[in-house]
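Every number in this text was worked out from the coordinates using simple rules, so none of it is lab data. Values in this document were obtained by computation on a predicted structure and should not be read as measured data. Positions of Cβ are backbone-derived with ideal geometry, glycine not excepted, and every protein chain shown enters the neighbour counts.
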Amino acid sequence: MIVSDAYPMMTVAVLHGKEDVRIEQVPRPQPGPGEIIIRVAAALTCGTDLKVYRRGYHARMISPPAFFGHELAGTVAELGEGVTLFAVGDRVVALNSAPCGSCYFCLRDQENLCSDLLFNNGAYAEYIRIPARIVAKNTMLIPPHVPFEHAALTEPLACALHGFEDSDPRIGDTVAVIGGGPLGLMILHVAALAGCTVIAVVKHNSQVEAARALGAEHILRTTETADIVKSVRDLTANGIGADIAIEAVALPETWEQAVAMVRNGGTVNFFGGPAAGTEVRLDTNRLHYGDLTLRATFHHTPAVCRRAFALICSGRFQADRFITGHAPLVDLKDAFDKLMDRSNQGVSIKTAIHPGQ
C-alpha cells in the first residue's frame, strides 16, 4: 500500500435518522487490495440524497448511522495493493456503483440490472474509499480543464443520458420532457444537444429560465396551463403529439399525461420512479391501437457513464448551469434544508459541497 500522508482522522457527515445529519470526526479509511482512497474535492447534492435525509434511511443502501452522498470527484490520496490504473495525485471521478459482469443481466448487456450491483456511499466526507470493482470498472481520470464539480455531474448525467438513449430518439424528433428538476433538465439538455425539438413541462419560474437556457424550444408551466396534454399536442405538427415523452416527476398523473401526449407509434419513457405500491391507470385501447412503446429506465452502465463523462469533458454540456451553489461540509444540513423548502424549489439545482473548506 502506498500512503500519501498520515492523517489518522477525517471529517464526515453522518446520517443518524430523519433530518438528523451530524458532522463528526472518524478514522480515515484505509484501502484494501485493488481499492483507492479519494480526497473529496466536490460532492454534489441530489434528489436521492435529499430523500435519504428526509426519510432518514435508504431501503436498499443506507441504514443509520451511516455515511452518505454519491456524486463526487477528487484526488487519489492512497492506493491499495495491486492498483496500477491510477497514481497518487491523479484527479478522478468515481461512480457510485459497478456491476459484477457475470450474472444473467450483465451477460445480456443489462448491467444496470446486475444481480450483484455494488453501490458505494460516503461522498460527504474528506475522504472516501472506492471498492476495487468500482476502481476497475467505473473510475475515470479527469482532464486538467474540467473542474471537479463538473466531473461530479457524471453520475446523474449518465442516468439522464441512459433514459434518453433508451427512448430510441432520432434527430429532429419532438421530445416532451415532464419535470424541471435536475434530471428533467439534464434530459432536455441532452435531447436538445442531440438535435431534437424539446417541449419542457415544468412548474417553477426558475425552471422556465433554466429550461430555456438548456435548449428547450417550447416551455409549458403547469401552474399556468389548464390542459398540459392538449398544449403539448398543439405544439406538434397537426397536433399528432410528441414523438417521445419522458416523465421525470414520478407521479401517477404525470405518467398518465406522458401516455396521452405522445403520438401514435411514439415512445413513452417512465424515467421517474414512484414509491413502491403506486398504481397508474392507463387506457389499454390507446396503448394497443396507438401502437405505443412504453419503457422505463433505471440507473446506468459503465458504457453510458463514459459517454456522459465525455460529454462533460467536451464542453458542450452546460455543467455550470447545474451547479447553483457552493458550501463547506459543515453547512451540509443547511444545504438540504434549503432544498426541502418548497418555496425555494426550482431555485437551487445542485450545491457543490467542498469538504476541504
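Here are the numbers:
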read-out: Residue-wise HN-Hα coupling along segment 67-83, computed from phi with Karplus coefficients 6.51, -1.76, 1.60 (Hz; x: Gly, Pro); value: 6, 8, x, 9, 9, 8, 8, x, 10, 5, 9, 8, 10, x, 4, x, 6
read-out: Normalised contact order of the chain, rounded percent, pairs of Cα under 8 Å and 6 or more residues apart; value: 17 percent
read-out: Efficiency of FRET between residue 165 and residue 105 - r from beta-carbon atoms, R0 25 angstrom, step 0.05; value: 0.90
read-out: Potential lengthening between residue 81 and residue 209 on full extension [0.36 nm per residue; Cα-Cα distance subtracted]; value: 41.2 nm
read-out: Spin-label model distance (nm) - residue 24 vs residue 321, 7 Å beyond Cα toward Cβ; value: 4.0 nm
read-out: Beta bridge orientation in the chain: antiparallel %, DSSP, nearest 5; value: 55 percent
read-out: Label-point separation in nm, residue 307 to residue 55, each point 7 Å along Cα→Cβ; value: 2.9 nm
read-out: Pairs of lysines in the chain (C-alpha under 23 Å apart; 8 or more residues apart or interchain); value: 13
read-out: Helical contribution to [θ] at 222 nm, DSSP H n ≥ 4, -39,500 (n - 2.57), averaged over the chain, rounded to 500; value: -8000 deg cm²/dmol
read-out: Of 227, 337, 20, the one that fluctuates the most in a GNM where the chain has Cα springs shorter than 10 Å; value: 227
read-out: J(HN,Hα) series, segment 278-285, from Karplus relation 6.51 cos²θ - 1.76 cosθ + 1.60, nearest Hz, glycine and proline x; value: 5, 10, 10, 9, 10, 7, 5, 4
read-out: Of (1) 1.07; (2) 1.01; (3) 0.98, the label for Rg/Rh (Cα atoms, Kirkwood Rh) derived from the coordinates; value: (3)
read-out: Dipole magnitude (debye, nearest 20) for segment 168-295, charges at Cβ of Lys, Arg, Asp, Glu; value: 80 debye
read-out: Protection proxy ranking, peptides 165-178, 282-295, average beta carbon neighbours within 10 Å, highest first; value: 165-178, 282-295
read-out: Label-to-label distance, nm, for residues given as residue 217 and residue 333 (7 Å Cα→Cβ offset); value: 4.9 nm
